[in-house]
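Encoded as structure tokens, the structure appears first; notes follow it.
The values are calculated or read from the model by the stated rules, or taken from the named source; none is laboratory data. Quantities reported herein were computed from a predicted structural model and do not represent experimental measurements. Counting neighbours? That spans all protein chains shown, and the Cβs are built from the backbone with ideal geometry, glycine included. The protein model used for the area step is the full one, side chains on, heavy atoms only, and it has no ligands, DNA or RNA in it. Shrake-Rupley method; radii C 1.70, N 1.55, O 1.52, S 1.80 Å.
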Amino acid sequence: MDRVIIVGAGLAGVRAAEALRARGYEGALTLVGAEPHLPYDRPPLSKAVLMGRADDTTVAADWTALRCELLLGHRATGLRLDDVRGGTVETTAGELPFDGLVIATGSSPVRLPGDGSQHVLRTIDDARALRAGLREGARIVLVGAGWIGAEVATAAAGAGCAVTVVEAADTPLAVAVGPEIGARTEPWYAEAGVELRCGVKVAAVEAGGLVLADGGRVEADEIVVGVGVRPEVGWLAGSGLDVDGGVVVDGSLRTNRPEIVAVGDCAAWWSARYGRRLRVEHWDTALNAPETAAASLLGEEAVYDPVPYFWSEQFGRMVQYAGQHQGAGRLVFRGDPEKAEWSACWLSGTRLSAIVTVNRPRDLVQARRLMAAGTPVDPEALADPEVPVRNA
Ligand code: FAD
């Protein structure tokens, strides 16, 4: 292999470049990124950057040592595959032939219908534009009480804005962690002076406010939409690569063409651990999956099958989650969810399926280790927050 192209200059893209060189790849390497910026970290955008505590989150990387050509501000527009191996990426900078390809194009926020102006929060430019609108007294209306909505609400309330969050589901975080845990976060909004309106569907964004499905209106100076993301895979249409709610890859992150791998938010990989395909839109995946993808691209045997993990910082709390709670039978609380520190564990029989922790990072680390090993736990001991999360 002597010509590798990486498409997508986010965290997964830079990590892929580093992993390829670390594994001894000596050929030509090109990173194509639609944004004009060097790869940067996104988690601080809805935290430190919005709060004015950071303005630059560029990922530290030695591009000279990596011998990686950067084509920033250029977008891949199509992919042509040769009959047996390799192909050409069509880009706004011209055609780039390859014999190895890493797809790391991430995801893009869903927008709402309507011609009123709406902020989304995906890029550093989005974050800077939104930050400028977080003026004291400004009416900030957020659509979606998911991770992004909660974090933006935290920053906006901290800036002295009048914040309203409108959520279609009956609780915050209903999709991410289910309504039972989501409901435990509701009081956090009121404590921060944020108005939370659940069970409210938005029809459209108009100048100066939201139009609701029931005909009502919510007036706003700034509207922020945080209702989810879609994988950036449109440029692969018609290429012959399998795409189904993300780039379809096996447990080694290879597509249906072994010289093409996919990583990060855009990749839907086969997890033997969970017996289904996972697409995880979180930082830990973008950080770690490229190691496996690089090994696979270079012909080594490697498998990516972690217990998924993410965190969120909202309303002064560190919220962390690991595992997959869907289909788990029983929820066990560790500590009082009305207090500052607590956790909740999902169990399938005596196995941990998932954990959510609030200001209890130690629980998270211990539980993730047990889930990775598949070790059984004692549900009675688990319910005691004084006892570490440990095997039965
Ligand atoms: P991306 O970061 O989306 O990078 C993909 C890059 O590819 C982009 O720069 C894009 O412009 C480019 N691209 C797309 N299409 C093309 C194309 N056709 N040609 C060329 N380039 C293209 N996760 C957590 O676990 N915890 C958090 O607290 C957390 N906070 C977050 C806060 C915010 C505001 C956001 C937006 C995300 C947050 N995440 C968090 C999620 C995490 O940042 C993402 O999972 C991670 O950035 C995914 O990395 P990626 O490299 O796969 O994709």
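Please report the relative contact order for segment 111-225, taking Cα pairs under 8 Å with a sequence separation of at least 6, and give it as a percent rounded to a whole number.
Relative contact order comes out at 34 percent.
log₁₀ I(q)/I(0) of segment 111-225 at q = 0.10, 0.17 Å⁻¹, via Debye over equal Cα point scatterers, no solvent, to two decimals?
The computed values of log10 I(q)/I(0) come out as -0.26, -0.77.
Counting only DSSP beta bridges with both residues in the chain, tell me the antiparallel percent, nearest 5.
Here the share of antiparallel DSSP bridges comes out near 60 percent.
For segment 316-382, what log10 I(q)/I(0) values come out of the Debye formula at q = 0.11, 0.13, 0.19, 0.24 1/Å, with one point per alpha carbon and no solvent?
Once normalised to I(0) and log-transformed, intensities are -0.22, -0.30, -0.65, -1.02.
From the P(r) of segment 8-52, could you give the percentage of C-alpha pairs in the tail past 11 Å?
Pairs farther apart than 11 Å: 71 percent.
Just by accessible area at a 1.4 angstrom probe, what is the order of 309, 321 from largest to smallest?
309, 321
Using only alpha carbon pairs under 8 Å that are at least six residues apart, calculate the relative contact order of the chain and give it in whole percent.
Relative contact order here is 14 percent.
On a full-extension model of 0.36 nm per residue, what is the gain between residue 365 and residue 387, subtracting their alpha-carbon distance, rounded to one decimal in nm?
6.5 nm
Leaving out ligands and nucleic acids, and using a 1.4 Å probe, what accessible area per residue does segment 316-382 come to in Å²?
44 Å²
Just to confirm, what accessible area per residue do you get for segment 111-225 at 1.4 Å probe, in whole Å²?
Heavy-atom SASA per residue in segment 111-225 reads 41 Å².
Beyond 29 Å, what share of the Cα-Cα pairs of the chain is found? Please give it as a whole percent. Don't jump to the answer; show the numbers that get you there.
Values: 36853 of 76636 pairs.
When all Cα pairs of the chain are counted, 48 percent exceed 29 Å.
Distance between the C-alpha centers of segment 80-101 and segment 323-392? Whole Å please.
Centre-to-centre distance over Cα atoms comes out at 46 Å.
Give the residue from 365, 331, 347 lying farthest towards the positive end of the charge dipole for segment 316-382; charges sit on Cβ (+1 for Lys and Arg, -1 for Asp and Glu) and the dipole is referred to the Cα centre.
Value: 365.
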